[in-house]
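Since the structure comes first, as structure tokens, the remarks are kept for the end.
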Amino acid sequence: MPTTQGRETAAIGQAEAKPVRLQLSRKKGFDLQAHSRAVNGLPAVSVARPGILGNPFVHATDPAQAVEAFDRLCRGGTQSFQCSPDGLHFAGSIHANALHWAWSEWLRDHGLPAIRGKNLACWCAVGSPCHADVLLRLANGPVCDDPLPTGADAGEGRHALAPSASSNPTAAREH
């Protein structure tokens, strides 16, 4: 049976269910929605590649670095990625729009609201680093705890993980 993180979610009906990360399965008969509802009563959304919410980064030896790069991408900080054959690089099967320079704005305005209050499913093993945990935190955490760049802040890099004001805005499109 597929596993989940965050089993501390209260029983349905006792308190509001907390969205969790689910692990996708290729087992015959696996039904993501049925599994999700059995876990905590919430619907689920797949955030695996090649979907627009899939992590466009992979790392040859350290998945945590790919998750960190995804976290920076979510916040608009795309100018600082160091890609190399033996380290961080872009996944072969990704949604083309995930690397668009305005993706973090789309995520803030459309992506996060669409997944708020839902379980997120990916192929990553439970207990291993996963970009779905980043999305869960951003979509369901207190707004003031994890701000995404907005308006002028997004372009000027005022967020700690966003590009600096002196960064070349076209650099992100070239990588």
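Just so it is clear, none of the values below were taken in a lab; they were calculated from the coordinates. Since the structure is predicted, the reported quantities are computational estimates derived from the model, not experimental observations. Note: ideal-geometry Cβ built from the backbone for every residue, glycine included; neighbour counts use all protein chains shown.
Candidate cross-link partners of K18 among the lysines, defined by an alpha-carbon separation under 27 Å and a same-chain spacing of 8 or more, comprise K27, K118.
I'd like the trypsin sites (Lys or Arg not before Pro) in region 21-66 restricted to DSSP loop residues with at most 11 other Cβ atoms within 10 Å, sorted by number. Within region 21-66, the qualifying trypsin sites (Lys or Arg not before Pro) (loop, at most 11 other Cβ atoms within 10 Å) are R26, K27, K28.
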